[in-house]
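> Sending over a structure as structure tokens; questions will come in a sec.
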Amino acid sequence: MAFRRLQEEEDCPRCMNGIEDIDHIICKCSKIKEVFNQVNKWGFGIPLFENLHDCFNCMDHISANNVMILNLFFNVLFFSWNARNKFTHDKENV
Ligand SMILES: [Zn+2]
């Protein structure tokens with residue numbers, strides 16, 4: 001986000017443990033991992049990824065076999081991103 005000049009700080013505002021790039025947002029942020037782990041405790045099987053390459057490979061496989069998990073993955077990501085924006089811009093801790 002800092003690279004695109006949308007924010008001044010490079011560090012992830014939610015976990016403060018890494019540069020907030022697409023790899024961090026989807027794969028490495030402790031907050032998104034926490035959310036995916038919580039959803040998986042409810043019985044879903046959203047995979048956790050080490051990097052974007054793994055993510056894209058897995059998404060190819062999942063899209064052919066389990067579209068519901070793919071939809072859930074992107075919905076969780078969308079709502080997590082919304083929560084991140086509220087936290088960052090509105091200072092709400094969602
Ligand atoms: Zn983070």
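> Just the residues that are part of a helix (DSSP H, G or I) and open to solvent by less than 70 Å² (accessible area, probe 1.4 Å), please, taken from the range 38-56.
Answer for the range 38-56, where residues must be part of a helix (DSSP H, G or I) and open to solvent by less than 70 Å² (accessible area, probe 1.4 Å): Val39, Asn40, Leu52, Asp54, Cys55.
> Does Phe36 qualify as being hydrophobic (A, V, I, L, M, F, W, C), away from the ligand (no atom under 16 Å from the Cβ), at pLDDT 90 or above and over 22 Å from Lys91 (Cβ atoms)?
The answer is no for Phe36.
> Look at the range 57-94 and say how many of its residues are exposed (fewer than 10 other Cβ atoms within 10 Å of the Cβ) and touching a helix residue (DSSP H, G or I) at 6+ places or on another chain (Cβ under 9 Å).
Residues that pass the stated criteria total 1.
> Return the total of residues in the range 19-30 being in contact with a helix residue (DSSP H, G or I) (Cβ under 8 Å, 6 or more places away or on another chain) and within 6 Å of the ligand (Cβ to nearest atom). Explain how you work it out, then say what you get.
If we filter the range 19-30 for residues that are in contact with a helix residue (DSSP H, G or I) (Cβ under 8 Å, 6 or more places away or on another chain), which is where we start, we get 22-23, 25-27.
Right, trim to within 6 Å of the ligand (Cβ to nearest atom) and you get none.
The total comes to 0.
The values are calculated or read from the model by the stated rules, or taken from the named source; none is laboratory data. These numbers come from a predicted model, not from an experiment. Reconstructed Cβ throughout: ideal geometry from the backbone, glycine too, with neighbour counts over all protein chains shown. In case anyone asks, the SASA skips ligands and DNA or RNA and just uses the protein heavy atoms, side chains included. Shrake-Rupley method; radii C 1.70, N 1.55, O 1.52, S 1.80 Å.
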